[in-house]
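A short write-up of the structure that comes next.
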Amino acid sequence: MTGASALNLRKRTIRRAAVYVLAVFGLLAVFGLFFLPLYQLAAMAFSSEGRLSLDIFRQLLSNAKMLKVIRDTLYINLLSSFFASIIGVVMAYFVAYTDIRGKKLIHCALLLPLIIPGYIITLAWMQFFAKGGIVAAALRGFFPGAVMPNIYSYWGIIFVFAVTKYPLIYTLTLTTFRKISCDMELAAAVSGCGRVKTFFRVTLPMSLSGIANGLLLVFISCLDNFGTAAFLGIPARISVLSTDIYQTIISFSAGSFREAAAKSVILGAIGVLTSLVLWRAAKLFETMQTDLEDKTPRVFLHGKKIFAEGGIWLSIFAINFVPLLTLILTAFQKGIGGGYGADNLTISNFAFVFSNPKSFNAIKNSLFLSFSTAAVCVVTGTIVAYLMVRRPSRLIRVVESVISVPYSIPGIILGLALILTWASPLPIIHKTIYATVLMLLVAYVVRFTSLQIRNSTTGVLQMDSSMEEAAEVCGAGFFKKWTAVILPLIFPATISGMGLVFLNALTELTTSSLLWSAGSETLGVVIYNYTSAGYTTYACALSSVVCLTILGLVLLYRGISAALKNYTGRNAA
């Protein structure tokens, strides 16, 4: 063996060893950050006085109140998923099949609920249906005896869930519709089927797999949701499992944490069983589809086009924009119910938001957590994604699977598990990170790293391995290869994932509702506290600031994407 060959062999051995060291370290880190907390939660739920016990589950499942909570959870989530699927499928059909104009703009407008936090949209609908709000006042101008519906009810929660979760079904169904072969629909038309009959006999059955996957995402998202259920359900004494677990924990009664742990196990079991059923349904309905999306129109509306476009834009405006406009108007009011005249308008609510210590601290904490979480996740996620694609092994697949688990379970369960683990002082340093900003950072990193992995994996897959080989041939070392070749090529997909992590961390509420304390408030927590305490105008003002911030970040991202597309010829989206 020549000296050069021996040197290359040594380098390969060192790289392989480094890969396994990183993988083992990652596995141990994720085990300590997530599986240990989950084990603590399960141990508390399934043990009593140091022995295995199911007594707590027998007590809960024989309790009429608990059974009602479970029924309400299933009732609300199932109906929400059903109505969200109707909205999503109808909109996806018009965008995928018809020749309506402005599809890109319609598509972006339909995705608005994905970037605006659900609890802010819920607060917006609360102002829309407020008895002393602008909509009620306008309605009474035409119908003096008109009364606004009560949004603090079952239908209110279901309605808000449906109009905030439909994009999940819309996006999956849109892709499925575009991959349905035209030949199948042409064959149905030749056989004498009309447009409606073709839809129900061919198009809908062939898209059931995508719809089932969308239903799964909606159901799990509703199961995980805390903000909407808390804003609308708690005042009406309607409890779902997420809010019931939260109320059990904050009661601090004897055995409250064990009871909450058992309820978390029940919530997780419902999520797993539902996932298995809908996953099986999606597999059952899988059909032959094309590999590429066909974006050409298949249905030409002719003279009806203007009515279809008007109906779509009217629906989008009513569902996505009117409530947010109502929220912004409320943010400028001196008091709720005082009307919208000049004597009741003020900017003092915004001045309060930026001068109040709690609000300012929440803004500071959320920005710190967002930047820190994004930075940690982009490093961890990119390393894992690169190893998955370029150095695949069973160990790497295990690490990736382990990291992906926290994002797929309800945040309320993760929050409780972290409390049970990190409430005690850490070994060696004998200090606890519980009730600190660091605790929230750990929770966010554990929860959102999988988002970065997905986006970074896309970037690595798009990069030709010959580019790395060429860099090595030219004598580039490890760091030179990464800084000069790999990072510039995967940057668009990586920055996309980083932005997604940043937005999720900036607006997170579910896990934060359990882990925050005085001094570690976040934006979501402060908005929830303002709303619960009756300071609606302050909550609307802070929510408006968050919405404008998100809008600015989205515009910044689109600008970066356009610049990268012009510079490298690759789209970051």
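The values are calculated or read from the model by the stated rules, or taken from the named source; none is laboratory data. Keep in mind that what you see is a predicted model, and the values were worked out from it rather than measured. Surface areas here come from the heavy atoms of the whole protein model, side chains and all, with no ligands, DNA or RNA. Shrake-Rupley method; radii C 1.70, N 1.55, O 1.52, S 1.80 Å.
Which whole number in µm²/s is D for region 240-335 by Stokes-Einstein, with the Kirkwood Rh taken over Cα pairs at 10 °C and 1.306 mPa s?
Numbers: Rh = 19.7 Å.
In µm²/s, the coefficient is 81.
Close amide H partners of SER47, meaning residues 5 or more places away or on another chain with modelled amide H under 5 Å apart, are SER53. For region 113-244, the convex hull spanned by the alpha carbon atoms encloses 145 Å³ per residue.
In whole percent, what relative contact order does region 81-230 give with Cα contacts below 8 Å and a gap of six or more residues? Before the final figure, lay out each step's value.
Values: 137 pairs, mean separation 55.7, N = 150.
Reported relative contact order: 37 percent.
Across region 177-259, Cα-Cα pairs more than 16 Å apart make up 67 percent of the total.
The string of couplings for region 120-136 from the Karplus curve (6.51, -1.76, 1.60, θ = phi - 60°) is 6, 5, 4, 4, 5, 5, 4, 6, 4, 8, 4, 5, x, x, 5, 5, 5 Hz, one whole number per residue in order, with x for Gly and Pro. With all pairs of separate Cα atoms included, the chain yields a Kirkwood hydrodynamic radius of 26.2 Å. Rg over Rh for region 410-536 works out to 1.16, both radii taken from alpha-carbon positions and Rh defined as the Kirkwood radius.
Estimated at the nearest 10 Å², the accessible area of LEU395 is 40 Å² with a 1.4 Å probe.
Ordered by solvent-accessible area of protein heavy atoms (1.4 Å probe), largest first, the residues CYS474, CYS540 come out as CYS474, CYS540. Taking amide H atoms as placed 1.01 Å from N in the peptide plane, the amide H of VAL299 lies under 5 Å from those of THR98, ASP99, each 5 or more residues away in sequence or on another chain.
Take every Cα pair under 8 Å in the chain that's 6+ residues apart, average their separations, divide by the length, and report that relative contact order as a whole percent. Spell out each step's value before the answer.
On the way: 712 pairs, mean separation 111.1, N = 573.
Relative contact order comes out at 19 percent.
Averaging the sequence gap over all C-alpha pairs within less than 8 Å and six or more residues apart, then dividing by the number of residues, gives region 391-454 a relative contact order of 38 percent. Straight-line reach from LYS179: taking Cα to Cα under 15 Å and skipping same-chain neighbours fewer than 8 places apart, the aspartates and glutamates in range are GLU286, ASP291, GLU293, ASP294. Using only alpha carbons, region 29-80 has a radius of gyration to Kirkwood radius ratio (Rg to Rh) of 1.15.
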